[in-house]
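K.L.:
Can you read through this structure? Questions will come right after.
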Amino acid sequence: MVSMTAPLVATPDIYGRALDARDVRFDGVFFVGITTTGIYCRPICPARISDQRRRRFFPSAAAAERAGFRPCLRCRPELAPGRGPVDAVSRLAHAAAQRIAAGALNGRSVADLAGELDVSERHLRRVLEHVIGATPVELALTHRLLLAKRLLTDTALPITRIAYASGFQSLRRFNTAFRQRYRMAPSAMRRPRAQRDTTAPDATLHLTLAYRPPLAWEMLLDAMRADQLPGVEVVDRARYARTVSIGNHSGAMAVTHDPARAFIAVELSTSLLPVLMPLLARIRHLFDLDSEPAVIERDLGEAGLEIRVSGLRIPGEMEGFDAVLRVIGGSELPALIETFGAPAEFDVPGLTHFVPTAARIAEAGEPGLRAAGMSGGRAQALAVIARLVATGELRLVPGADPEATGRRLLSIPGVDAATASAIVSRALSWPDAFHAGDPDAIARAERWRPWRAYARRHLDANRLPDSRAATG
């Protein structure tokens, strides 16, 4: 079902050329530390480029901070897009880094994370140091501090709320870590009040998430609108909105696109602040913001695929079980959401429910799903998957093993290869998920690996009229 290819091994010369060109395609792929200032930057930093002898290159922000460098206040490394799933030399390192970025070590131990990944704590630490250039704890601390730096700079939130929203367990620990790592007090990062978002209502938070252009925004929204969760999501030609529930925290969000500045603007309920770190990670997966379209389209073009629309993305999920509902729910999806989803009340017309959880569907079981109108085979499949997800036997999260997940799904009665592939693609944000009933088509698709899910999107776009495809 899937395959993995190793990335191009970059050298200081390659990094140097990318830095000199300020190539946006390398934004977030590496960082550069300037030895004379002790500051590290993104490769697109507008500041004057230092002499080559004074540069040090790092594979991650955490590696730069481990070496004693502080983040640049001008290019702001915390705003750089992340790295896509085929960039990592090790699938284990990628899976661990994704979960740490989503707050897996906030209030939990490295041993807990290692257990979830079925490896020893020692092995996990060794792999991350080799691939990312930092230990799990150092990586987690970097993510927390960079998120705090962003909130200090861009919002008027009190510092105490920022500390907890960034994953720190106490204000004292936050202040100590910030001073030790950045050699300044958190308050020193505050912009003048006039430059911060002080006009938003107390119940609203505004943030931005960067991506590597181009982004075919309208076509991405078209794909999301085609199978939206009614009552949970509202998608029009310019904006995406949905209800959000993570743990005991719930709220709503709305997302728009700013192509001139290559970011999406996110408006969030401040009730979601305690889960801000995992929420931002999920939004990145939802809109496939860590994709590198220039690399993907170059590879597919060299493999003979016509590229008519640049910047196509693969829609992801806020919660892996959402993909199961979309793929299996069918025409009964509105009834499932109304019956098993908790009611919601927000100002956005059309947002009426939270998405049903796997635990709630598992509790209803096959009889409850049949009563909601589902046919026997699909009701059985949905009930079984819900139980496996609710008990933790099946993990539908980015970074999970796509081959093992696909096999487990195929072992469930009522789940065919097309269903399993669709769930893996969306729930795991897996770029190589692909299914075709024709063996010849599968053979032809081999040359598109590891981008077969993107190849499918391009094939679909190529079938659109020229005027429609151009809107991408």
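K.L.:
Is it true that some residue in segment 327-342 is within 20 Å of the chain's Cα centre (by Cα), part of a helix (DSSP H, G or I) and small (Gly, Ala, Ser)?
P.N.:
no
K.L.:
Is segment 242-265 home to any residue that is closer than 22 Å to Pro343 by Cβ, among the polar types (S, T, N, Q), open to solvent by 40 Å² or more (accessible area, probe 1.4 Å) and at pLDDT 95 or above?
P.N.:
Yes, segment 242-265 has at least one match.
This table checks each residue for (1) assigned to a helix (DSSP H, G or I); (2) within 30 Å of Thr419 (Cβ to Cβ); (3) modelled with pLDDT under 85; (4) among the basic types (Lys, Arg).
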site: Val9; (1), (2), (3), (4): no, no, yes, no
site: Ile14; (1), (2), (3), (4): yes, no, yes, no
site: Thr37; (1), (2), (3), (4): no, no, no, no
site: Arg56; (1), (2), (3), (4): no, no, no, yes
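K.L.:
Given (1) open to solvent by 20 Å² or more (accessible area, probe 1.4 Å); (2) in contact (Cβ under 8 Å) with a residue 40 or more places away in the chain; (3) closer than 24 Å to Pro77 by Cα, where does Ser187 come up short, assuming only one miss?
P.N.:
Unmet condition: (2).
K.L.:
Sort out which residues of segment 46-55 are open to solvent by 50 Å² or more (accessible area, probe 1.4 Å), basic (Lys, Arg) and either under 19 Å from Leu73 (Cβ atoms) or touching a helix residue (DSSP H, G or I) at 6+ places or on another chain (Cβ under 8 Å) (or both), and write them in order of number.
P.N.:
Arg48, Arg54
K.L.:
Still on this model: Please go through segment 74-131 and pick out each residue that is open to solvent by 60 Å² or more (accessible area, probe 1.4 Å), within 27 Å of Val32 (Cα to Cα), at pLDDT below 90 and not in a loop (DSSP other than H, G, I, E, B).
P.N.:
Arg91, His130
K.L.:
Show the residue pairs that are 6+ apart or on different chains and have beta-carbon atoms under 6 Å apart, the first residue being within segment 68-95 and of a type in the set (Lys, Arg), the second being part of a helix (DSSP H, G or I) and modelled with pLDDT of 90 or more.
P.N.:
Arg70/Tyr182
K.L.:
Among the residues of segment 58-73, which ones are of a type in the set (Lys, Arg) and either in a helix (DSSP H, G or I) or buried (at least 21 other Cβ atoms within 10 Å of the Cβ) (or both)?
P.N.:
Correct list: Arg66 only.
K.L.:
Looking at Thr135, Thr153 in this structure, which one is polar (S, T, N, Q) and touching a Leu at 6+ places or on another chain (Cβ under 7 Å)?
P.N.:
Going through Thr135, Thr153 in turn, the sole match is Thr135.
K.L.:
Moving on. Residue by residue through segment 290-309, note down the ones that are among the small types (Gly, Ala, Ser) and open to solvent by 10 Å² or more (accessible area, probe 1.4 Å).
P.N.:
Those that are among the small types (Gly, Ala, Ser) and open to solvent by 10 Å² or more (accessible area, probe 1.4 Å): Ala294, Gly301, Ala303, Gly304.
K.L.:
Go through segment 373-388 and report how many residues are assigned to a loop (DSSP other than H, G, I, E, B) and crowded, with 19+ Cβ neighbours inside 10 Å.
P.N.:
So the count comes out to 1.
K.L.:
Which residues, taken from segment 24-45, are under 26 Å from Ala101 (Cβ atoms) and surrounded by fewer than 15 Cβ atoms within 10 Å (Cβ to Cβ)?
P.N.:
Within segment 24-45, just Gly38 meets the criteria.
K.L.:
Pro356: touching a Gly at 6+ places or on another chain (Cβ under 8 Å) and either part of a helix (DSSP H, G or I) or over 30 Å from Trp448 (Cα atoms) (or both), yes or no?
P.N.:
For Pro356, the condition - touching a Gly at 6+ places or on another chain (Cβ under 8 Å) and either part of a helix (DSSP H, G or I) or over 30 Å from Trp448 (Cα atoms) (or both) - is met.
K.L.:
Sticking with this structure for a sec: Among (1) over 21 Å from Thr37 (Cβ atoms); (2) part of a loop (DSSP other than H, G, I, E, B), which single condition is Met184 missing?
P.N.:
(1) is the only condition that Met184 fails.
K.L.:
Look through segment 310-353, keep the residues that are hydroxyl-bearing (Ser, Thr, Tyr) and under 30 Å from Tyr454 (Cα atoms), and return whichever of them is surrounded by the most Cβ atoms within 10 Å (Cβ to Cβ).
P.N.:
Ser310
K.L.:
Looking for something more than 22 Å from Glu292 (Cβ to Cβ), at pLDDT 90 or above and either in a helix (DSSP H, G or I) or touching a Lys or Arg at 6+ places or on another chain (Cβ under 8 Å) (or both) - is there at least one such residue anywhere in segment 422-441?
P.N.:
Yes - at least one qualifying residue is present in segment 422-441.
The values are calculated or read from the model by the stated rules, or taken from the named source; none is laboratory data. Only a predicted model underlies this, so the values are computations on that prediction, with no experimental measurement involved. In this analysis, Cβ positions are derived from the backbone assuming ideal geometry, glycine residues included, and neighbour counts consider all displayed protein chains. Quick note on the areas: whole protein, heavy atoms, side chains included, nothing else; ligands and nucleic acids left out. Shrake-Rupley method; radii C 1.70, N 1.55, O 1.52, S 1.80 Å.
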